[in-house]
């Protein structure tokens, strides 16, 4: 996630780090070459280009803008839902830790380390990293490496551990019900995140918009070159920057748990969970918070 203050006029003009420009530079370079070809052709055959009208491109551009905004809104909804789910994870971990605060330290350590392992495992699972290794750093449980869903297995182990405390009389039935509700909430978070990850925006919809944007930006110079000449570069590159930039930004937001600059900072969020839970266990040597690098927090 990009962390920058509101840009001033100079930053609006010259800021590269944090913008979508590096991602679409090859597209803009290709459009520039096409612009030059169209301008030279218009100078060579002015009669043909004088007959071309820009009115159809105006109508197509308006329609394309509307449909592209629909796609970007859908992608942003996925990003925002992912952020709400991880916010729910943080709140559930805090509540769980508070509700077991009077248990024996051995029990609290097992349960809170398990929550740290769950957060780490979920982040690794969503990003396609080593889920088992992320969990093992915090939580040791026999047979977890053979589970088809190791992160969910952590919740099963924590639920079973709480049930064993009920059987030994160290945990009341009412409080067990409350703790089970927190674990259910964490399971809901995992299910919601997996739903977002495993259900992308329909490919045909994205492909249609991408193709239309490319065709529009490639053909627009030929409609303007006859009347604008070398000034054609300015409006065409501005339109291309907008369309290609929105398309690339939507692609980044579509996967909110990835490693793109605009993805959610899962490493920072899980580190927040770990620091707070370890602090409740009396640890003083806490891991450092994750800091942004070049304005990007991951």
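Can you tell me which residues in segment 171-182 are more than 16 Å from residue 107 (Cα to Cα) and touching a residue at least 24 places away in the same chain (Cβ under 8 Å)? Spell out the reasoning first.
Narrowing segment 171-182 to residues more than 16 Å from residue 107 (Cα to Cα): 173-174, 177-178, 181-182.
Once the filter is applied, which keeps residues that are more than 16 Å from residue 107 (Cα to Cα) and touching a residue at least 24 places away in the same chain (Cβ under 8 Å), segment 171-182 yields 178, 182.
In segment 109-117, is there at least one residue being touching a helix residue (DSSP H, G or I) at 6+ places or on another chain (Cβ under 6 Å) and more than 17 Å from residue 279 (Cα to Cα)? There is no residue in segment 109-117 that is touching a helix residue (DSSP H, G or I) at 6+ places or on another chain (Cβ under 6 Å) and more than 17 Å from residue 279 (Cα to Cα).
Can residue 96 be described as within 17 Å of residue 175 (Cβ to Cβ) and touching a residue at least 60 places away in the same chain (Cβ under 8 Å)? Yes, satisfied. For the condition at pLDDT below 85 and outside any strand (DSSP E or B), what is the one hit in 279, 227? Only one candidate qualifies: 227.
Close contacts from segment 112-130, counting a first residue that is at positive phi and without any contact (Cβ under 8 Å) to a residue 60 or more places away in the chain and a second that is in a helix (DSSP H, G or I) and buried (at least 24 other Cβ atoms within 10 Å of the Cβ), with Cβ to Cβ under 6 Å and a gap of 6+ residues or different chains, come to none at all. Of the residues examined, residue 169 is one that is under 28 Å from residue 94 (Cβ atoms) and at pLDDT below 90. In segment 176-211, which residues are closer than 22 Å to residue 71 by Cβ and either out of contact with any helix residue (DSSP H, G or I) (no Cβ under 8 Å at 6 or more places or on another chain) or outside any helix (DSSP H, G or I) (or both)? Matches in segment 176-211: 195, 198, 199, 200, 201, 202, 203, 204, 207, 208, 211.
The values are calculated or read from the model by the stated rules, or taken from the named source; none is laboratory data. Every value quoted in this text rests on a predicted model; they were computed, and no experiment measured them. Cβ: placed from backbone, ideal geometry, glycine included. Neighbour counts: every protein chain shown.
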